[in-house]
Every structure is written in C-alpha cells, then in structure tokens.
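Below is one structure, written out as structure tokens; the observations come after it.
No lab work stands behind these numbers, since they all come straight from the coordinates. What you see is a predicted model, and the numbers here were worked out from it, not measured in a lab. With ideal geometry, Cβ positions are generated from the backbone for all residues, glycine too; neighbour counts draw on all protein chains shown.
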Amino acid sequence: MQIKQAIYIISSPDFEKCPQPDKPEYAFIGRSNVGKSSLINMLCNNDKLAKTSASPGKTQLLNHFEITSTIGEDSKQQFFKWYLVDLPGYGFAKVSQSSRRRWEQMIENYLRKRENLSMVFVLIDSRHSPQKIDLAFLENLKNWSIPFALVFTKSDKENQRTVSKNVKDFLDAMRLTWQFLPQHFVSSAVKKYGKDKILAYIAEVNEQLIESNKR
C-alpha cells in the first residue's frame, strides 16, 4: 500500500464533533513525547502534516487526517480513503489536573463510542523498560474490547540489543495478564524503519473491512 495523499481535516474537542463516521479510522496514541507526530509524518510522507514539538502535551484535540491510499494488487490497484487520527498523549505533560482529566475523558469517549474506529496504534518508547502507565492503558483497551496494535518507537536512539530487550520485556509483562498478544512493530521515524510493515497491516485491515461489507 502507498499513501498518495494526506489532508488535514479538522481538530475536534470531543468525538461528537468528529467527521461523519463514513470511512475506516485508525487512531495513534501514546505517552507524551513518544514520537507520535514524527511516526505519522513518516507514514504519510509529509514532514509537516502532524505538528511536532519538543514540549510534551502539544496535541490537545482529536486531529483527523483524510488519507488516500492504493489498495489491491498492482494490476488491479484502486484508491481507497480512510481516516488517520492523532490523539492527545497520556501520561506526563505540564498541564493542570483539570485539563488532564478533560483529555482523559475526551480520549475514553472517542475510543469507546467512535463507531468507525478500526484499529488503535499504541506507541511505546523502545528506549525504556516496561512502564506501568502503558500497561495500564492497554488493560483499559482490553476492558473496552478495542482492537489495537503496538508500535515501539525511536529504535534508532538506542543500540539494537537494548531495543530488543525492552520490546521482549514489554511483551513478557503483557503475557502475565494477556492470553494473546497483539501485532507489534518496531519503528524509527528517522530511518523510516517499520513504515512498510505498518502500512501493509493497515492495508490488510482495510481489505478485510471491504470484504466484510460485501457480504
């Protein structure tokens, strides 16, 4: 799958003000400063699409982008449109408690009530050992029956032995309470690593949705 066009649509303060739920939707979320905007820009071939910042907590709304991508085999390629959503980060950010609670409620309402949400990509910083806040967030997704995949970011910032150990330790921590583990990817926005695998996974889910709608 190749992304041909990525257009910013709208930033919404709650899920009820999001665009019409008429396309498959893929949301990206993670702790503040996990490299979410950089990953989104890498996937979409546009360094200026999602706003990056050195200050955690920059994203405060539900940001929708309309994506046009190819789908199908080379000889029968078609264009397919879907939404990519940049969600506010969870965890550390220099904001008031009231603002943090508002963000948390906004995110929960979106995740639980957005009817066209196809997949959530949860970003995990590969430089660190397993963090309780990430594991707790995944437990919420499990309790809410929300499908998700993991993306371990910033793999270029550490040596590969450390990255591999942190990824393994995180998955092992999940195994303590999870029967089945989700799909996971290791990425680097700087080196474009993981891009093709993530896009191929989104294409696979899109094709499954198309097939199910035909029945």
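Looking at the chain alone, DSSP beta bridges between its own residues are antiparallel in about 45 percent of cases.
By the count of neighbouring beta-carbon atoms within 10 Å, fewest first, Glu115, Glu66, Glu16 end up ordered Glu115, Glu16, Glu66. In a fully extended conformation the segment linking Glu211 and Gln131 would gain 25.0 nm over its present Cα-Cα distance, using 0.36 nm per residue.
Per-residue ellipticity at 222 nm from helix content only, as computed over the chain with -39500 (n - 2.57) for each DSSP H run of at least four residues, stands at -11000 deg cm²/dmol. Volume per residue of the convex hull around the Cα atoms, evaluated for the stretch 152-194, comes out as 58 Å³. The relative contact order of the stretch 3-210 comes to 23 percent, based on Cα pairs under 8 Å that sit 6 or more residues apart. Pairwise inverse Cα distances across the chain, averaged and inverted, put the Kirkwood hydrodynamic radius at 17.7 Å.
Among Val190, Val163, the ranking by other beta carbons within 10 Å of each residue's beta carbon, starting with the fewest, stands as Val190, Val163. Cross-link reach is defined here as a Cα-Cα straight distance under 21 Å, omitting same-chain residues fewer than 8 places apart; for Lys191 the lysines meeting it are Lys4, Lys36, Lys48, Lys51, Lys154, Lys157, Lys165. Distance between the pseudo-spin-label points of Lys142 and Lys157 (7 Å out from Cα toward the beta carbon): 2.7 nm.
Converting phi to 3J(HN,Hα) with the Karplus coefficients 6.51, -1.76 and 1.60 and the offset θ = phi - 60°, the stretch 190-196 yields 5, 9, 6, 7, x, 4, 4 Hz in sequence order, with x at every glycine or proline.
Taking amide H atoms as placed 1.01 Å from N in the peptide plane, the amide H of Gly30 lies under 5 Å from those of Tyr90, Leu123, each 5 or more residues away in sequence or on another chain.
A viscosity of 0.890 mPa s and a temperature of 25 °C, combined with the Kirkwood radius over C-alpha pairs in the Stokes-Einstein formula, give the stretch 4-53 a diffusion coefficient of 197 µm²/s.
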